[in-house]
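The values are calculated or read from the model by the stated rules, or taken from the named source; none is laboratory data. Since the structure is predicted, the reported quantities are computational estimates derived from the model, not experimental observations. Heads up, the Cβs are rebuilt from the backbone with ideal geometry, glycines too, and the neighbour counts pull from every protein chain shown. Keep in mind that these areas ignore ligands, DNA and RNA; they rest on the heavy atoms of the full protein, side chains included. Shrake-Rupley method; radii C 1.70, N 1.55, O 1.52, S 1.80 Å.
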Amino acid sequence: MALSAQQIPRWFNSVKLRSLINAAQLTKRFTRPARTLLHGFSAQPQISSDNCFLQWGFKTYRTSSLWNSSQSTSSSSQENNSAQSSLLPSMNEQSQKTQNISSFDSELFLEELDELPPLSPMQPISEEEAIQIIADPPLPPASFTLRDYVDHSETLQKLVLLGVDLSKIEKHPEAANLLLRLDFEKDIKQMLLFLKDVGIEDNQLGAFLTKNHAIFSEDLENLKTRVAYLHSKNFSKADVAQMVRKAPFLLNFSVERLDNRLGFFQKELELSVKKTRDLVVRLPRLLTGSLEPVKENMKVYRLELGFKHNEIQHMITRIPKMLTANKMKLTETFDFVHNVMSIPHHIIVKFPQVFNTRLFKVKERHLFLTYLGRAQYDPAKPNYISLDKLVSIPDEIFCEEIAKASVQDFEKFLKTL
């Protein structure tokens, strides 16, 4: 046990006092035999208080290396004593008794030193000692941010190194409290290995865990069962990896939920097994999101926009996002394309990506073509412009190949709108 600076003087005084008492006791006990046997050498077996103090003090206060050196010194002195034992047997016996008593007392005293009480917090200290004190900041009992706990939590530190954004997780108190209770080696390491096996790359783990921090509350065996279910439905490993990356919450849903969702889309859209599988691979959030937008959009396509069932099938297999698109956006886009641009249903069905384009972009280009007299969308007439080229190519190519004008002319026209 290391002694503080204020305990050392107190310790020195107690050691010196004890050594004096032991020396006096030894002197009284061995004075007569020594004088009888040694006559003129009666001072040799007596151990002075200073020698006792240095011997015991260095044994207890100095480092282990000095302890070893003192032991080697004592061993050499014992060899010298053994050399003299043939000549002075009584003297050797007395010195051994003295050393035994001294070592016994020193061992008792060392035990007493270990039992010394710690310094009182009310005991005054000097300014130099106060400056040397380095106290860790206390752990806050409650906080609104995980930043206060990062220095105290190995789990949070390693999650930060992985790229996890704790500022987003701390907005969910339950998730933040869960992370504080988790042990990285026991609770998180195996989960990371599982995600890597699924197909999440190292540089994707941070973004994935930031979005789906709830996965730490899932049982690892249940997650493996859900992956095995997808494989049983002929989803390849690459398909599962792509689905998990695009829809991080996919594995949080039970096998029953996944099976019901796949059955719903196959039945509602009347798609084959392969087309259903391709549909959810391209838009896996169909398995995790609400079904209400999907059902609502199906009614919009049939009742409000007037598309046939086979036309809806064709469009959603080409652009799966049409199933979850905003209802107002769908109706506004169809109204402009069908009623203003005069494009019939069967042409819109061939180019459904128009529903996935911003409406103002369609309007700007159509109005510019109308201004130039080139807005011709009938494939049976010359100078036909397809919806695909109208909405998919960049402005430079649109001006050069479709409008036959410069980009500067197009920008000047937009300023007049």
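With R₀ set to 41 Å, the beta-carbon distance separating ASP259 from THR331 gives a calculated FRET efficiency near 0.75. Carbon-plus-sulfur accessible fraction, the range 223-287 (probe radius 1.4 Å, protein heavy atoms only): 51%.
Taking all protein chains as shown and a probe of 1.4 angstrom, LEU417 keeps an accessible surface of around 110 Å². Rolling a 1.4 angstrom probe over the range 152-209 with all protein chains present gives an accessible area of which 49% lies on carbon and sulfur atoms. Look at where the Cα atoms of the range 360-411 and of the range 151-174 average out, and the two centres are 50 Å apart.
Tell me the per residue accessible area of the range 356-416 using a 1.4 Å probe; a whole number in Å² is fine.
Values: 3780 Å² over 61 residues.
For the range 356-416, the solvent-accessible area averages 62 Å² per residue.
The residues packed around HIS309, meaning those with a beta-carbon under 9 Å from its beta-carbon, carry a net charge of 0 if Lys and Arg are +1 and Asp and Glu are -1. Volume per residue for the range 289-417 equals 112 cubic angstrom (convex hull of Cα atoms). The calculated Kirkwood hydrodynamic radius for the range 143-216 is 12.3 Å, given to one decimal from all distinct C-alpha pairs.
Leaving out ligands and nucleic acids, note down the accessible area per residue over the range 289-351 with a 1.4 angstrom probe, in whole Å².
Values: 3150 Å² over 63 residues.
Normalised by residue count, the accessible surface of the range 289-351 is 50 Å².
In this structure, the pairs whose alpha-carbon distance is over 20 Å, taken from LYS267/LYS299; LYS329/LYS363; LYS275/LYS321; LYS224/LYS321; LYS308/LYS363, are LYS224/LYS321; LYS308/LYS363.
Give the average over all directions of the projected area of the C-alpha convex hull of the range 223-287, one decimal, in nm². Intermediate results must be reported in sequence, preceding the final value.
On the way: hull surface 14.8 nm².
Across all orientations, the range 223-287 yields a mean hull projection of 3.7 nm².
Note on the range 356-416: with neighbouring protein chains present and a 1.4 Å probe, carbon and sulfur make up 49 percent of its accessible heavy-atom surface.
Ordered from highest to lowest accessible area with the whole protein assembly present and a 1.4 Å probe, ARG245, ARG374, ARG365, ARG358 read as ARG358, ARG245, ARG374, ARG365.
Assuming 0.36 nm per residue, please report the length gained on full extension of the stretch PHE249 to GLU128 beyond their Cα-Cα distance.
Working: separation 121, 0.36 × 121 = 43.56 nm, distance 5.71 nm.
Value of the extension gain: 37.9 nm.
3J(HN,Hα) along the range 207-216, derived from phi through the Karplus expression 6.51 cos²θ - 1.76 cosθ + 1.60 where θ = phi - 60°, amounts to 5, 5, 6, 5, 7, 10, 5, 6, 5, 5 Hz, with x in place of Gly and Pro. Computed log10 I(q)/I(0) for the range 340-405 at 0.20, 0.26, 0.28 Å⁻¹: -0.79, -1.38, -1.57, from the Debye equation with unit scatterers placed on every C-alpha and solvent omitted. Can you tell me the accessible area per residue over the range 223-287, all protein chains present, probe 1.4 angstrom, in square angstrom? Accessible surface, normalised per residue, equals 49 Å².
With the convex hull drawn over the C-alpha atoms of the range 289-351, the volume per residue is 75 Å³.
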